[in-house]
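Bear in mind these aren't lab numbers, they're just calculated from the coordinates by the rules spelled out. These numbers were taken from a predicted model, which means no experiment stands behind them. Heads up, the Cβs are rebuilt from the backbone with ideal geometry, glycines too, and the neighbour counts pull from every protein chain shown.
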Amino acid sequence: MPRSKSQDKMSLISVHVPKKMLEELDELVRRGIFPNRSEAIRAALRDLLYKEVFKVKTAREEEKEEELPISLVRGR
């Protein structure tokens, strides 16, 4: 079976997780929240990356605001 373009762009990684965490992950799959473990892990990773990247961008914006005259920061 030919691979799709999205499969070609993915890399395989291997992680160790506590048994309890894996059981909880499998429960999400069993309840139909995610179709499989991989999708659940990708969703969690996307959320983490978004949160961390957003935090970094926000911190950079705050630093830039400190450099601006107060009238520009407050929109005056």
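Under 5 Å from the amide H of Phe34 lie the amide H atoms of Val29, each residue being 5 or more positions distant or on a separate chain, with H modelled from the backbone and absent for Pro and chain starts. As an exercise, take the mean of 1/r over every pair of distinct alpha carbons in the range 19-63, invert it, and state the Kirkwood radius in angstroms. Over the range 19-63, the inverse of the mean reciprocal pair distance is 12.0 Å. Peptides 20-31, 47-58 ranked from most to least packed by the mean count of surrounding Cβ atoms within 10 Å: 20-31, 47-58.
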